[in-house]
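The values are calculated or read from the model by the stated rules, or taken from the named source; none is laboratory data. The structure displayed is predicted, hence computed values, not measured ones. As a convention, Cβ positions derive from the backbone with ideal geometry for all residues, glycine included, and neighbour counts pool all protein chains shown. Protein only, heavy atoms only, side chains kept; ligands, DNA and RNA dropped before computing areas. Shrake-Rupley method; radii C 1.70, N 1.55, O 1.52, S 1.80 Å.
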Amino acid sequence: MWHSCTLHSLTINFEALDSFDNISDDQVDTKKSSSMKSTVEACNITEVTEFVFVIFAFNPSLQYFAFSVFLLAYILLLIGNILIMLTIRADYRLHNPMYFFLCKLSLIDLCYSSVTVPKMLIDFFSERKTISFNGCIAQLYFFHFFACVECFLFTAMAYDRYVAICKPLQYSTIMSKQLCLWMVAATWAIGFVHSNIQTTLTMGLPFCGPNEINSFFCDVPPLIRLACTDTTMIDAMIVANSGIVSLGCFLSVLISYIGIAKAIFKIRTVEGRRKAFSTCASHLTVVTFFFGPCVFIYMRPSKTFQADEVVTIFYTVIAPMLNPVIYTLRNKEMKTSIKKFWGRRTK
């Protein structure tokens, strides 16, 4: 649905022309005709007020199956992350920096996925999968906010593992409660700045049609492709901004794990190396699942690739669902605490 101009501007132009008493009638008619033409041309530039998602075009036989799969994934995501948060809060033995960050990661995963997935599930049975312009911008803002927070939270978790393995004697001193709180606060502050930059740059573009987004949620790359102006500079600025976040966090995590790897190889016993590596394996797996798709989508110009749809679904639905599974299956402390927590609840 697009806004169109009214005839009010035409009337104003005519009144302005009629005010010239010292020109001939032929000149007035000529000026009126020219004014009407320029105003009508201006009115042909329409403003998009809603967008249409076109990524999911299943035939009826697959519609219910696809909906069931994504609904199940979202339910598992909710249950898994809520379970992790409740377990960490209930078990005082898990009140340490590692599980403090894990609890915050579960909260961010819930918010991050809830920005996009519920709307996607509703759209499965909508004849026209639409979203208002303001709703689209809001979705874009909160998606990038929570995604950026998650990036820096992974970086904080990598630093925590680095200190735990490379400086075990100073771990409790370095990773104090105050430092952990400041690190989490910093992730939220950086996420706020990043999402404001992305949203401001996108909102500044003119959208005058078409209004079909080749995705199931509003994101920067598909929106830029709909702008009716040259987006070369804006595209470069957005890629640079996203690149600083995703590549900067990824390199920080990589540097931390290079230090961790060196420390692990210095451990003489096989059991010691295995135990040290097991504390990092879950985090490393989750980081790979998260940063891989982010680098593929955001560290390149906003061009369409066939793999975009699969990659987008993976890092918005599948990866957040896998996080609680990976952290609980590969972590003995979490499995033990969950069993005790639910054992007490069922008695």
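Structural remarks
- Selection of the stretch 227-273 for residues being surrounded by 12 or more Cβ atoms within 10 Å (Cβ to Cβ) and farther than 30 Å from F143 by Cβ yields G259, I260, A261, A263, I264, I267, G272, R273.
- Any hit, the stretch 101-115, residues being within 19 Å of F314 (Cβ to Cβ), assigned to a loop (DSSP other than H, G, I, E, B) and at pLDDT 90 or above: yes
- Members of the stretch 109-134 that are closer than 26 Å to G204 by Cβ and touching a residue at least 40 places away in the same chain (Cβ under 8 Å): Y112, V115, T116, K119, K129, T130, I131, S132, F133
- Matching residues, the stretch 112-145, being under 13 Å from the mean Cα position of the chain (by Cα), surrounded by fewer than 21 Cβ atoms within 10 Å (Cβ to Cβ) and not β-branched (V, I, T): S114, A138, Q139, Y141, F142
- Test: L201 is among the hydrophobic types (A, V, I, L, M, F, W, C), in a helix (DSSP H, G or I) and surrounded by 21 or more Cβ atoms within 10 Å (Cβ to Cβ): no
- Filtered residues of the stretch 284-311 (kept if within 20 Å of I55 (Cβ to Cβ), in contact with a helix residue (DSSP H, G or I) (Cβ under 7 Å, 6 or more places away or on another chain) and at pLDDT 75 or above): P293, C294, V311
- Subset of the stretch 61-101 (residues that are in contact (Cβ under 8 Å) with a residue 60 or more places away in the chain, open to solvent by 60 Å² or more (accessible area, probe 1.4 Å) and not hydrophobic (A, V, I, L, M, F, W, C)): R93
- None of K104, K167 is open to solvent by 40 Å² or more (accessible area, probe 1.4 Å) and in contact (Cβ under 8 Å) with a residue 40 or more places away in the chain except K104.
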